[in-house]
Amino acid sequence: MPQAKWYADGLAFECRACGNCCGGFPGYVWVTDKDVAAMAAAIQTSAGEFEDRYVIRVRGRMTLAEAEDWDCVMLGPDGRCRVYEARPVQCRTFPFWSSNLASPAAWAAAARECPGMNAGRRYSLEEIESRLLRDGDDQD
């Protein structure tokens, strides 16, 4: 019999739009052509212009660039995402990433930086697994 997931009873999360997950540390936000097109439309520019301005290539993949302070280039001066409604899959699935779901300790560590974790709506195991399965989709 498979072992039950530690989060089988669900987890609470509600984005507080604090921007903590969007900056202050280096990392990659992998994007697809579809993501680039959606984000470009959100800021009313062409996909080509968006890619030239905000996307870099790392190991043959596209990722959003970072500002000098490691913030995502889409993080506005008000601390909010400039393309929130069109944000990439990687951002849409946060905090339900395999790294955060690895253990209760990993979830707790991430929650220390994110005021929306353990607050708000409770996601069922099925919803979490659905989002987890989407994590990384279309990123090749």
Quick one: how many residues across region 51-61 are outside any strand (DSSP E or B) and either more than 16 Å from Trp30 (Cβ to Cβ) or within 19 Å of the chain's Cα centre (by Cα) (or both)? 4
Scan of region 59-71 for residues that are within 19 Å of Ala17 (Cβ to Cβ) and modelled with pLDDT of 95 or more, ordered by number: Leu64
What number of residues in region 25-37 are free of Cβ contacts under 8 Å to residues at least 40 places away in the same chain, surrounded by 14 or more Cβ atoms within 10 Å (Cβ to Cβ) and of a type in the set (Asp, Glu)? 0
Go over the candidates Ala4, Ala47 one by one and state the one that is exposed (fewer than 13 other Cβ atoms within 10 Å of the Cβ) and either among the aliphatic types (A, V, I, L, M) or in contact with a Lys or Arg (Cβ under 6 Å, 6 or more places away or on another chain) (or both). Ala4
Tell me which residues, restricted to region 119-133, are under 17 Å from the mean Cα position of the chain (by Cα) and surrounded by 13 or more Cβ atoms within 10 Å (Cβ to Cβ). Tyr123, Glu127, Ile128, Glu129, Ser130, Arg131, Leu132
The lone exception for Pro88 - which of (1) surrounded by 18 or more Cβ atoms within 10 Å (Cβ to Cβ); (2) over 12 Å from the mean Cα position of the chain (by Cα); (3) not hydrophobic (A, V, I, L, M, F, W, C) it fails: (2)
Tally time: how many residues in region 53-82 are more than 15 Å from Ala38 (Cβ to Cβ) and touching a helix residue (DSSP H, G or I) at 6+ places or on another chain (Cβ under 7 Å)? 5
Return yes or no: is Ala40 without any contact (Cβ under 8 Å) to a residue 24 or more places away in the chain, within 18 Å of the chain's Cα centre (by Cα) and under 25 Å from Arg131 (Cα atoms)? yes
Assuming Pro95 fulfils every condition listed in (1) within 13 Å of the chain's Cα centre (by Cα); (2) assigned to a helix (DSSP H, G or I); (3) of a type outside the set (D, E, K, R) apart from one, which condition is it? (2)
Pick from region 62-85 the residues that are in a loop (DSSP other than H, G, I, E, B), in contact (Cβ under 8 Å) with a residue 40 or more places away in the chain and more than 14 Å from the chain's Cα centre (by Cα): which of them is surrounded by the fewest Cβ atoms within 10 Å (Cβ to Cβ)? Asp69
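The values are calculated or read from the model by the stated rules, or taken from the named source; none is laboratory data. Keep in mind that what you see is a predicted model, and the values were worked out from it rather than measured. Backbone-built Cβ (ideal geometry, glycine too); neighbour counts: all protein chains shown.
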